[in-house]
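A short write-up of the structure that comes next.
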Amino acid sequence: MAPDNGRHQYHVACEVGGTVTKMGLFSNAGSLVSSARWDTPDTPEEIVNLIVREARGVSAAHDIRVKALMGVGVSLPAAVDPSTLAIGRCDNIGNLEGFPLASVLGEELGCRIYLENDANSALRGEIRAGAAAGSRNAALVVVGTGVGAALCVDGRILSGSSGSVGEIGYMPFSHPATTLLAEGTHQLHSLLAGPALENLARSRRNSYPKTTAGADTNLRELFDLAANDPLGSAVLVHASGILASVVSMLASVADPDVIVLTGGVGSNPVLVNRCMSLCARGDRPPRRIAAGELGSLAGLYGLSDIVRSNYESARSTPSSIMEEEANDTTH
């Protein structure tokens, strides 16, 4: 039960991932009150239904009116235009590109909606209270169902003209030959994302008769086997070499204090340690590489920061807050 059922004491953050969707209720001080997770629905309409239902549910469970929330922040595995909130290409969720998610959610929930790219929100969270705490120049690479990046330069998360800064998964990437793959040029996500690595391992498994990995061995298990298993070692060498190249390029382009590695694949300690070792051998190694400290909650904390900072900015325009209060009804 909330200690005071007044306005604007809480807000909701929701990270829509390619595989899992997470939601958290935060206090106006930025403390996480509760969180939950579900499998990500297949369509934009189902995603709307999930967010609306669960935002209403968690608000009701804590005796909060939805329209009294400071706002709802939503992150997506896609570029989000900072001016129009238009959603760009999103291969991991069908038909999400161009879908008017912010306006639909605003109509359903009756409160302010904020959209952000998932890597940007994760970096913001890590800067707030994680591996990049206090840094004004930081980068993040997320490797999970897809591959993405985010940059903070002089205290500002970069978005670009259409919100596409950090959409490195679609970048053509030329790589040398590995024991898993011939030399060539592919989009980065097809070389490094979790599903791509697992598919590559399955397709090459018969080439490693001494492997102890089974057909259903997952990527985490393959990395754990790497020290003593030829297939696990090959997957680790392939993934770490490509990740180290990405990290080194970001270090050269942005000169960050720290590059944070996160995501279900990117934060794996075996992969992180080998990536660090490879980068340290370069002519200009990154200043610091670190695994994310907030884990799967990084994006939620970053979204909380976005909602709170935008709300404080709105408070500097009293008419906007007064108009909200004049139009307030229970939702």
Inside region 195-227, can you point out the residues that are without any contact (Cβ under 8 Å) to a residue 24 or more places away in the chain and touching a Ser or Thr at 6+ places or on another chain (Cβ under 8 Å)? Ala196, Leu225, Ala227
Those residues of region 88-109 which are touching a residue at least 24 places away in the same chain (Cβ under 8 Å) and either touching a Phe, Trp or Tyr at 6+ places or on another chain (Cβ under 6 Å) or in a loop (DSSP other than H, G, I, E, B) (or both), in sequence order: Gly88, Arg89, Asp91, Asn92, Ile93, Gly94, Asn95, Leu96, Phe99
Please find, within region 20-66, the residue that is farthest from Ala122 (Cα to Cα) out of those that are surrounded by 15 or more Cβ atoms within 10 Å (Cβ to Cβ) and of a type in the set (S, T, N, Q). Ser59
Kindly indicate the residue of region 143-156 that is touching a Leu at 6+ places or on another chain (Cβ under 8 Å) and under 12 Å from Gly292 (Cβ atoms) and also surrounded by the most Cβ atoms within 10 Å (Cβ to Cβ) among those meeting that condition. Ala150
For Val270, are the conditions met, namely being of a type outside the set (S, T, N, Q), in the same structural domain as Leu158 (by TED's automatic domain parsing), in contact (Cβ under 8 Å) with a residue 40 or more places away in the chain and under 26 Å from Thr19 (Cα atoms)? yes
Counting only residues that are at pLDDT 75 or above and more than 16 Å from Val33 (Cα to Cα), how many does region 297-323 have? 7
Is region 268-276 home to any residue that is at pLDDT 95 or above, among the basic types (Lys, Arg) and on the phi < 0 side of the Ramachandran plot? yes
Which of the residues belonging to region 112-150 are under 13 Å from the mean Cα position of the chain (by Cα) and among the hydrophobic types (A, V, I, L, M, F, W, C)? Leu115, Ala119, Ala122, Leu123, Ala139, Leu140, Val141, Val142, Val143, Val147, Ala149, Ala150
Looking at region 72-86 only, could you name the residues that are surrounded by 23 or more Cβ atoms within 10 Å (Cβ to Cβ) and within 27 Å of His8 (Cβ to Cβ)? Val72, Gly73, Val74, Ser75, Leu76, Val80
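Conditions (1) assigned by TED's automatic domain parsing to the domain that holds Glu116; (2) over 30 Å from Val143 (Cα atoms); (3) touching a residue at least 12 places away in the same chain (Cβ under 8 Å), marked per residue:
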site	(1), (2), (3)
Val20	yes, no, yes
Ala55	yes, no, yes
Ala60	yes, yes, no
Lys67	yes, yes, yes
Unique residue being under 16 Å from Met249 (Cα atoms), in contact with a helix residue (DSSP H, G or I) (Cβ under 6 Å, 6 or more places away or on another chain) and assigned by TED's automatic domain parsing to the domain that holds Ala226 when the list is Ala149, Ala201, Ala196: Ala149
Given the options Gly214, Gly282, Gly264, name the one that is within 28 Å of Ser121 (Cα to Cα), modelled with pLDDT under 95 and not assigned by TED's automatic domain parsing to the domain that holds Val20. Gly264
Go through (1) in contact (Cβ under 8 Å) with a residue 60 or more places away in the chain; (2) surrounded by fewer than 18 Cβ atoms within 10 Å (Cβ to Cβ); (3) assigned to a helix (DSSP H, G or I) one by one and return the number of the condition Ser309 breaks. (1)
Qualifying residues in region 227-247 (those that are among the hydrophobic types (A, V, I, L, M, F, W, C) and surrounded by fewer than 20 Cβ atoms within 10 Å (Cβ to Cβ)) - the one farthest from Ala213 (Cα to Cα): Val237
For region 157-179, check the following and say yes or no: at least one residue is part of a loop (DSSP other than H, G, I, E, B), of a type in the set (D, E, K, R) and surrounded by fewer than 16 Cβ atoms within 10 Å (Cβ to Cβ). no
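The values are calculated or read from the model by the stated rules, or taken from the named source; none is laboratory data. Please read all numbers here as calculations on a predicted model, not as lab measurements. Cβ coordinates were reconstructed from backbone atoms using ideal geometry, including for glycine residues, and neighbour counts include every protein chain displayed.
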